[in-house]
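Heads up: the structure comes next, in structure tokens.
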Amino acid sequence: MPKRLVEKLRSFMPGNGKKKARHYQRQEIPRDQHNVSRSMISEPAKKVLHRLNKSGYEAYLVGGGVRDIVLGGKPKDFDIATNATPEEVHDLFRNSRLIGRRFRIVHVVFGREVIEVTTFRGNALTSDDVPADDEHKTSEHGLLLRDNVYGNLEEDALRRDFTINALYYCIRDFTIIDFANGMQDLKNRQIRLIGDPETRYREDPVRMLRAVRFAAKLGFEIERETEAPIRDLAPLLGHIPSARLFDEVLKLFSAGYGEATYQLLQDYGLLTLLFPETVKAIDAGESDELIRQALRNTDARIAQGKSVTPYFLFAAMLWPALQAEWRHRQDNGDPVQPALHGAIGKVIGRQVQATSIPKRFSGPMKEIWELQIRLPRRQGKRAFATLTHPRFRAAYDFLLVREAAGEIEPGLGAWWTEFQKVDERGQEKMLSQLGSATAPGKRRRKRSPVKRPPQQ
Ligand code: ATP
Ligand code: MG
């Protein structure tokens, strides 16, 4: 039997394979021994559960929906697992659509709320199995390419990622079913993969990012055996399509715990797979204070219920790389503006090999960067032109972050804050007070070339 196959079998055989194998035993936690109540579950999620049950199918709330309620939090969304096939689910709900290739799932749509319904998946492999067929393929790296073999509840539980994500809430009798000791790990505040960690990361390297995301979000520790292989296996993320990594980056940094997540990604050697140029620049001495400051602000915004834009996030995450490249080009004699344009092209070109950046985000991201040169140049009509630029607000916010990060002297941000507040006469006055001393005249620049991004 091929080595990979043996490993995979072992990872699912309780007590029978490597010494790492754990015993998994079904436990049922009755309603009086847990805190999940129907009132915490959204109406749409309850509707889907009830209709599936009434139609004769098994259906459970699973994943973050159970985990976050047990922890006393509010779930971001509700996921449901059922023994109905995607087509059967689709037939039951007019407001649903079949999606996905790698995992075929059903989205049931209720206004802005989307309930994700997945059909129980089978074990990756069973005892005398070979990788079944096209529906259950793995690549040469052990990556699960498709996973559409259906199974029963227990099999579904054991192919989920972490023990704390494999708790099933049954709305018929209000019990929680726990196959992987997830309740215990919730109590101990541990992120633990189900099965053999290395095998599970090889099947889907994104699980490494998920481990970090949940650790940061929940303030949990990644259990020792689950964290041990991460550094070595991090390069496997290079096999993940760049579009999926883009989505994962957004999840990592827009869950409200971006700063903590950033630190963990660095600690586990994962950041370099997501932002290789940024890590290179930081390793070469570039400061990442702007990234930290931007993530701190983002976390605060999310806590206040405000939104964050992907282009702002990416503008910040790539800033150290841009700075390094921009300076390098100026050192080689390029004037400020062409150096910036060249640097932008290069940094984005390299980044999209790791994570894609959809055009609707890369455009505004470039504008934020380009406006950083225009913000200090306010003479004459320039300030008005900048103020009416569609990306002014984001560029101004970015400027404030640069100031807070200590990258430039404070002052310019306050000037713009004031300029937005006062009336037209006030604005004219502010401009006249600027005088000509700060005007970046062409001649002056020629005599002493600006080596760094222009300051005020
Ligand atoms: P949240 O929605 O709060 O980010 P979640 O745990 O619900 O967290 P989802 O991405 O919504 O995460 O996935 C729902 C569930 O599907 C997970 O809890 C887990 O059981 C399972 N799952 C998701 N992604 C994977 C994966 N890559 N490998 C194995 N199981 C997964
Ligand atoms: Mg979820």
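Each of the peptides 227-238, 364-375, 206-217, 298-309 was scored by the mean count of other Cβ atoms within 10 Å over its residues; in descending order, highest first, they stand as 206-217, 364-375, 227-238, 298-309. A simple charge model with +1 on the Cβ of Lys and Arg, -1 on the Cβ of Asp and Glu and nothing else charged puts the dipole of the range 280-432 at about 540 debye relative to its Cα centre. Dipole orientation for the range 151-242: of the candidates 166, 222, 201, 222 has the Cα lying most toward the positive pole (charges on Cβ; Lys, Arg +1; Asp, Glu -1).
When 156, 173 are sorted by how many other C-beta atoms sit within 10 angstrom of their C-beta, beginning with the fewest, the order is 173, 156. Listed by Cβ neighbour count within 10 Å, with the fewest neighbours leading, 80, 282 appear as 282, 80. Amide H to amide H, with H built 1.01 Å from N, residue 96 comes under 5 Å of 109, counting only residues 5 or more places away or on other chains. Reducing the range 203-239 and the range 24-98 to their Cα centroids gives an inter-centroid distance of 26 Å.
When 177, 291 are sorted by how many other C-beta atoms sit within 10 angstrom of their C-beta, beginning with the fewest, the order is 177, 291.
Rule-based calculations on the coordinates, nothing more; no lab input. Computed from a predicted model, the values in this text were never measured in an experiment. Cβ: placed from backbone, ideal geometry, glycine included. Neighbour counts: every protein chain shown.
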